[in-house]
Structures are given as structure tokens and as C-alpha cells.
Amino acid sequence: MAEPTLFTRIIDGEIPADIVYQDEEVTAFRDINPQAPVHILIIPNQPIPTVNDATSDDEKMLGHLFVVASRIAKEEGISEDGYRLIVNCNRDGGQEVFHLHMHLMGGRPLGRMIKTSDPL
Ligand code: 5GP
């Protein structure tokens, strides 16, 4: 059997984390290295390595990630000012943990998505 991912180990309680929401499909916990006052990761309980691996069977869960993000943003008091949802994929996307996850970030103005000085 494949090794459990880092995030599966968090779901299983082997690695401590500040879990802010959990249901039968997804779990949300605070990022260990926050890049904004609110930085929460929302993950499927059943790991999918990257967005490339998502199938039509995952559509309900993937939609649920957004509904949970909206709910948490309200609970965290950032929904009106706004926030950013990010899903990184593979090397160029900067993905480090290969258990698909949505970053929910807010609590300050986040600026442009990509620096305008970056080359295309
Ligand atoms: P990625 O770069 O894969 O999109 O994001 C991975 C995120 O997981 C990073 O923001 C990183 O700080 C976070 N992270 C890595 N290891 C841990 C951990 O053990 N606990 C928590 N809560 N977050 C982690």
C-alpha cells in the first residue's frame, strides 16, 4: 500500500495540526507557515496527488472545497474584505505536498496574483 501523505497523517491525528473544520469529505487546518493572517489548507480526506489526477468522480468533493472555503472565510471574518483561493500543481505551480489542497488566504490585502515585473 502507498505511504500515507503528510496531510493524511494530519487527518489521522499522527501529526498535530490546528483543524478548523472537518466532515466526511474534507478537512481544513491552519498552514504551519502562514503567508497571511488567515492561511488555511482545505484538503480531501481521500488523497488525490495533484489536480492532474482529478476525475469526474471527484467533482462533488471538488465543489465542496469551495463551499467549505466560503464557510470558513465567513467564520474567520474575512469574507467581506475578500481572500484568495489557490491550488498549486506540480513544479511550475510550486506544489510541495502531493495531496491536493486549496489554500485559503486573507486578512490583509494580498496584492496582485503574480508580480507584474515577472517575465511571461
Ligand atoms: P503547496 O506548496 O504544496 O501548495 O503547499 C503546501 C503547504 O503545506 C505549505 O503552505 C506549507 O507551509 C504547508 N505545510 C507543510 N507541512 C505542513 C505541516 O506539517 N502542517 C501544516 N499545518 N502545514 C504544512
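Laboratory data are not the source of any read-out in this text; all were calculated from the coordinates shown. Being a predicted model, the structure only gives us computed values, none of them experimental. Here the Cβ is made from the backbone with ideal geometry for all residues, glycine too, and neighbour counts use every protein chain on show.
Couplings 3J(HN,Hα) of region 98-112, computed from phi: 8, 9, 2, 8, 9, 7, 10, 10, x, x, 7, x, 9, x, 6 Hz, in residue order, whole Hz [Karplus 6.51 cos²θ - 1.76 cosθ + 1.60, θ = phi - 60°; x for Gly and Pro]. Listed from fewest to most Cβ neighbours within 10 Å, the set Glu25, Glu3 follows the order Glu3, Glu25.
Backbone phi angles across region 68-76, fed through the Karplus curve with coefficients 6.51, -1.76 and 1.60 (θ = phi - 60°), yield HN-Hα couplings of 5, 4, 4, 5, 5, 4, 5, 4, 7 Hz in residue order; Gly and Pro are listed as x. Each residue of region 4-20 was assigned a 3J(HN,Hα) from its phi angle through the Karplus curve 6.51 cos²θ - 1.76 cosθ + 1.60 (θ = phi - 60°); the sequence is x, 6, 3, 6, 4, 5, 5, 4, 6, x, 6, 10, x, 7, 8, 7, 9 Hz, with glycine and proline shown as x.
Looking at region 19-120, the trypsin sites (Lys or Arg not before Pro) that sit in a DSSP loop and have at most 11 other Cβ atoms within 10 Å of their own Cβ are Arg112, Lys115. Between amide H atoms placed 1.01 Å from N, distances below 5 Å from Asp31 occur with His39, Ile40, Leu41, all of them 5 or more places distant or on a separate chain. What FRET efficiency do you get for Asp23 and Arg112 if R0 is 41 Å and r is their Cβ-Cβ distance, rounded to the nearest 0.05? Here the calculated transfer efficiency is 0.75.
Among Ile42, Ile86, Ile72, determine the one that fluctuates most according to a GNM of the chain built with springs between C-alpha atoms less than 10 Å apart. Of the options given, Ile86 has the highest mean-square fluctuation. Among the GluC sites (Glu not before Pro) in region 42-108, those located in a DSSP loop and surrounded by at most 13 other Cβ atoms within 10 Å of their own Cβ are Glu80, Glu96. Ordering Asp18, Asp118 by the number of other Cβ atoms within 10 Å of each residue's own Cβ, fewest first, gives Asp118, Asp18. Amide H contacts of Tyr21 (H built 1.01 Å from N, in plane; Pro and chain starts excluded): Ala28 sit under 5 Å, all sequence-distant by 5 or more or on other chains.
Residues whose amide H comes within less than 5 Å of that of Asn45, counting only those at least five positions distant or on another chain, are Val26, Thr27 (H built at 1.01 Å from N in the peptide plane).
Only Lys, Arg, Asp and Glu carry charge here, each on its Cβ (+1 for the first two, -1 for the last two); on that basis region 13-120 has a dipole of about 500 debye about its Cα centre. Ranking of Met61, Met105 by neighbouring Cβ atoms within 10 Å, starting from the fewest: Met61, Met105.
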